[in-house]
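Report on one structure; see the data block that follows.
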Amino acid sequence: MKKIRKAVLPVAGLGTRVLPATKCLPKEMLPVFDRPAIQYVVDEARAAGIEHFIFVTGRNKTAIEDYFDSAYELEKTLEYKNKIGVLDQLRDLLPDPGACSFVRQQLPKGLGHAVWCARDVVGDEPFAVLLPDMIMRDDVPCLAQMVEAYERVGGNVISVEEVPQEDVSKYGIVDPDGEQHGLIKMKGMVEKPAREDAPSNYMISGRYILQPEIFDLLENQTPGAGGEIQLTDSMLSLMGNSSFFAMPFKGKTYDTGSKLGYLEAFVALALAHSEHGDESRDLLKKMMKDL
Ligand code: UTP
């Protein structure tokens, strides 16, 4: 079984749900307390043993490339001012030299198209996809749990979360075919089903381990929902030849691509901060009293 070494991070979307904040700042660079949202997702990938990060970028996204590079003048100034703690932190957060690739999706034609843009850099090996606007938190990070599951069952593994029945029509929902090895065996997926037609209440939540055969399917994929090339459509085609398992993720997920999800993420990560968590809690309590 081939190891999962590469991760695709599609960051070419327009982020229209959080405009005007994203007019000239990528939504993945919005700060969630003291670091950009994408840092949490890259950290999650690193903790799962990912060695190479493939960012699928678009117009107005150069800040992401700069962020994952060293900043010579800044580092020299921090050194000169003897701010060694923060300098070391910046250096620790950087992926290894050569560990990042940036490919361009010229037009945001959909998530499936964005993943397909990474085909040459991924090559012929299974790989991970992490949606960078979803910050997922647990003692063992989500992708690490999935890699462990993949090493048991092979094939394709996606993360899912239970949502209230009244919300199923907002999400991609899994059609389950029983349980195996503590995972849900999948026989299908439905995009935004009506409540009464939903085959389950497990929503597809933003982390995928996929076999490279998906690329040929994506190449010929016709546009689906919203006129976009949908990853789920090609996953459905792949399901005929390759096993798919859903791993229920029990941790907490924050959707920073929506305004309220962003607020929730910001507050939660401030509270979880090793240095500023307690102060943040005190501040929030005080603010709540004043409301
Ligand atoms: P979303 O649909 O959440 O992102 O896609 P979006 O299109 O930026 O958001 P809204 O709806 O306009 O607010 C999930 C992920 O897939 C990427 C996005 O950047 C996001 O991280 N994506 C989406 C692409 O890279 N290319 C696309 O064509 C579409």
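The values are calculated or read from the model by the stated rules, or taken from the named source; none is laboratory data. Quick caveat: nothing in here was measured; it's all calculated off a predicted structure. Note that each Cβ is placed from the backbone with ideal geometry, even for glycine, and that neighbours are counted across all protein chains shown. What goes into the accessible areas is simple: the full protein's heavy atoms, side chains included, and nothing from ligands, DNA or RNA. Shrake-Rupley method; radii C 1.70, N 1.55, O 1.52, S 1.80 Å.
Descriptive notes on the structure:
- Restricted to the stretch 133-153, and to residues there that are away from the ligand (no atom under 16 Å from the Cβ) and either outside any helix (DSSP H, G or I) or in contact with a Lys or Arg (Cβ under 7 Å, 6 or more places away or on another chain) (or both), the residue that is least open to solvent (accessible area, probe 1.4 Å) is 146.
- Residue match in the stretch 74-94 (condition: free of Cβ contacts under 8 Å to residues at least 60 places away in the same chain, of a type in the set (Val, Ile, Thr) and over 25 Å from residue 256 (Cβ atoms)): yes
- Considering the stretch 234-251, the residues that are within 21 Å of the chain's Cα centre (by Cα) and open to solvent by 60 Å² or more (accessible area, probe 1.4 Å) include one that is nearest to residue 165 (Cα to Cα), namely 250.
- Pick from the stretch 214-233, criterion more than 30 Å from residue 138 (Cα to Cα) and away from the ligand (no atom under 15 Å from the Cβ), ranking: most open to solvent (accessible area, probe 1.4 Å): 220
- Residues that are within 8 Å of the ligand (Cβ to nearest atom), assigned to a helix (DSSP H, G or I) and of a type outside the set (A, V, I, L, M, F, W, C), drawn from the stretch 6-44: 16, 17, 27, 28
- The set of residues in the stretch 271-291 that are part of a helix (DSSP H, G or I), within 18 Å of residue 138 (Cβ to Cβ) and touching a residue at least 12 places away in the same chain (Cβ under 8 Å) contains only 271.
- Taking the criterion of being open to solvent by less than 40 Å² (accessible area, probe 1.4 Å) and in a helix (DSSP H, G or I), the residues of the stretch 57-100 that qualify are 63, 64, 75, 78, 87, 93.
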